[in-house]
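The values are calculated or read from the model by the stated rules, or taken from the named source; none is laboratory data. Bear in mind that the values here come from a model prediction, so they are computed numbers and not experimental data. Positions of Cβ are backbone-derived with ideal geometry, glycine not excepted, and every protein chain shown enters the neighbour counts. Note: accessible area is taken over every heavy atom of the protein model, side chains too, but ligands, DNA and RNA are not part of it. Shrake-Rupley method; radii C 1.70, N 1.55, O 1.52, S 1.80 Å.
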Amino acid sequence: MHIVTAKEMYEIDRFAIEKGGIDGRILMENAGRAIVDQITNLVDNTERILVLVGSGNNGGDGFVIARNLLNKGYEVIVLQLVADEKIKGDAAYHKQLFINFKGKIQLVQEVTVVEQYLSNADVVIDAMLGIGISGEVRQPFKQVIEVVNKLEMLTISVDIPSGVPADEGVANFTAIKADYTFVVELPKLSLYLEYCSPFYGQWRLVEIGLPHTTFSQDNLIETWNQKNVVETLPKRNRYSHKGSHGKGLVIGGSHTMPGSVAMTAKAALRSGSGLITVGTVQEAIPSIASYCMEATYISFLSNEGIITGLPAIDFSSYDALAIGMGMGRSESTASITKKVIVDAKIPILIDADGLQHIKGDLPLIKQRQHPTVLTPHPGEMAMLTGYSVKEILTSPFKVSKQFAREHGVYLILKGVHTIISDPNGRQWVNTTGNAGLAKGGSGDVLSGILLSMMMQNQSLNDALTNGCFIHGASADILVSEQRSKQDLVATDVIDGLTSVFRTLI
Ligand SMILES: NC(=O)C1=CN([C@@H]2O[C@H](COP(=O)(O)OP(=O)(O)OC[C@H]3O[C@@H](n4cnc5c(N)ncnc54)[C@H](OP(=O)(O)O)[C@@H]3O)[C@@H](O)[C@H]2O)[C@H](O)CC1
Ligand SMILES: [K+]
């Protein structure tokens, strides 16, 4: 599903009205009614409802909601926080309908009075500001937002919690902390920003009759969900053999970090790879092999447990390779990483210490004729780009798209909402995963799943989005059935792959 910026949402809206011929007042009615259907599942009609409305169409939705709740027997009061003349167009039309239906509207701008009304209500519907907000929230909204948040009553936001920007790029704002948000038609970008999404509380989309088209050539961002995976994940052919599902190479590990490559290799095998070879230091091989008996091993030259030399490897005999996990950050591992990037004429995934090593040599990656996949977390992304972590988290879509285009890479920016960007600037947001994944080893497991997907005869975009989905889905299934976010560890996520593939295939 397409994720929209405010500008794109307005374009879709304008298209529906101007070209499609639908009246904006009908869209507003549809929005309000769809949200009332949701509210009636949450609130029973003995509860007193206060609807806070502002000057724009978000407030217009608020009038429709108030009228439809009134019709259903709820006790409803609308607090209008702006002067009468500010309410225009479709919103004014629906305000008049609410009045015609004997609805009660109080024009209030002093926060103390708003507080009195709030203390006599059970539920607040927030229809103050929608996607039309620009700049810092002005008064009286700022104070009203603070009071609503302080009271901690059931708060339901219309389209977007008032004050939350629709788009990325705004780090500091005052906004309603909603318990529920009913998002009009399409998800807004801020739903997938980790500093904005908590404000939405639980959220759901409501359909109002707009087409799901996009007019943007430059901002193609989509969610990737189970339906997409089921449609694109290759089915295993009965007549296939181990060579048909990819022969992958994993380079990394050290005496003190053998687990990383062990988990990458095991995850790759559990995700369908035909053959996996691990290239690592001699002393780590016995422990890795005892965990991952299905892999084969190449012993690399080492000193004090760190890889120091690359043996002669015919990279062309592999379908893809992953490098960097648990490798350490010595001069020798840096030069080996660069040599592999230049010599291996196959798709490469670079993670962890490998990312540190390429920082000064990004042109080498751009020169590659074969795909390169980078999998940084925000800290590594900051290291690669020179932006601060805060800047990256404030504009993760923009920063990743820019980087992927500039360096010709597939970029997976890991996080609560992992963003996958391709070299053309297309982007997807993964929809699975939970806080249980915020543990050491998660990234190594993801690298293994991605390596496997990269070899499974699907487009690289599908491979990477599917890999991220599967990784998060494993954690989700485990947390819902047998583990908790507390005790989930990376190797569980490998074991959980069984449940994911059993439900997907
Ligand atoms: N197709 C759709 O998506 C539909 C959406 N609907 C709803 O409409 C809103 C968007 O409506 P819009 O009128 O464009 O915007 P807002 O409701 O957010 O209000 C904008 C007005 O708010 C004032 N404003 C702007 N910035 C600030 C600020 N920082 N502080 C305070 N006030 C602010 C400003 O008015 P002024 O007169 O005070 O300047 C803006 O004009 C969308 O979110 C949906 O809920 C439709 O109902 C159905 C179709
Ligand atoms: K709102």
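Here the peptides 492-503, 264-275, 159-170 are ranked by packing, the mean other Cβ count within 10 Å, and the order with the highest first is 264-275, 159-170, 492-503.
For LYS142, the aspartates and glutamates whose Cα comes closer than 15 Å to its Cα, not counting residues fewer than 8 places off in the same chain, are GLU110, GLU115, ASP126. Between PHE15 and ASP343, the simple spin-label model (points 7 angstrom out along Cα→Cβ) gives 5.0 nm. Within the same chain, lysines fewer than 8 places from LYS345 are excluded, and of the rest, those with a Cα less than 16 Å from its Cα are LYS247, LYS366.
Among the listed pairs LYS188/LYS401; LYS19/LYS398; LYS339/LYS439, which are separated by more than 21 Å between their Cα atoms? Going by Cα-Cα distance, LYS19/LYS398; LYS339/LYS439 fall outside the 21 Å limit. Computed from Cα positions, the angle between helix 490-504 and the longest principal axis of the chain comes to roughly 70 degrees. Here the Karplus curve 6.51 cos²θ - 1.76 cosθ + 1.60, taken at θ = phi - 60°, turns the phi angles of the stretch 374-382 into couplings of 10, 10, x, 8, x, x, 5, 5, 4 Hz, with x standing for Gly and Pro.
When the charge dipole of the stretch 225-504 is built from unit charges on Cβ atoms (+1 for Lys and Arg, -1 for Asp and Glu) and taken about the Cα centre, the candidate among VAL479, PHE397, VAL489 whose Cα reaches farthest toward its positive end is PHE397.
Of all DSSP beta bridges confined to the stretch 225-504, the antiparallel ones make up roughly 30%. Annotation: amide H of THR181 within the under-5 Å range of SER157, GLN202, TRP203, ARG204, sequence separation 5 or more or interchain, hydrogens built in the peptide plane. The long axis of helix 460-481 is offset from the longest Cα principal axis of the chain by roughly 70 degrees. Derived scalar couplings between HN and Hα for the stretch 186-203 equal 10, x, 8, 3, 5, 4, 10, 9, 5, 8, 10, 4, x, 5, 6, x, 7, 9 Hz in order, rounded to whole Hz, by the Karplus curve 6.51 cos²θ - 1.76 cosθ + 1.60 (θ = phi - 60°), x for Gly and Pro.
Beta-bridge orientation, the chain: approximately 15 percent antiparallel, per DSSP, counting only bridges with both partners inside. In degrees, nearest 10, range 0 to 90: what is the angle between the Cα axis of helix 331-343 and the longest Cα principal axis of the chain? Helix 331-343 sits at roughly 90 degrees to that axis.
Here's the picture: charge each Lys and Arg Cβ at +1 and each Asp and Glu Cβ at -1 in the chain, and of GLY448, PRO161, SER316 the one pushed furthest to the positive end of that dipole is SER316.
Backbone amide hydrogens, once placed in the peptide plane, bring ILE276 within less than 5 Å of GLY248, THR296, excluding anything fewer than 5 places away on its chain. Each residue of the stretch 30-45 is assigned a 3J(HN,Hα), and the resulting list reads 4, 4, x, 5, 4, 6, 4, 4, 6, 4, 5, 6, 9, 10, 8, 7 Hz, derived from the Karplus form 6.51 cos²θ - 1.76 cosθ + 1.60 (θ = phi - 60°), x at Gly and Pro. For LYS188, the residues 5 or more places off, or on other chains, whose built amide H falls under 5 Å of its own are VAL4.
Tally up the carbon and sulfur contribution to the accessible surface of the stretch 115-252 as a whole percent, 1.4 Å probe, everything protein left in place.
Carbon with sulfur: 47 percent of the solvent-accessible area.
Note on ARG426 and GLN96: with the Förster distance fixed at 60 Å, the Cβ-Cβ geometry gives a FRET efficiency of about 0.85. Each principal axis of the Cα cloud of the chain was taken in turn, and the coordinate range along them, longest first, works out to 83, 43, 43 Å.
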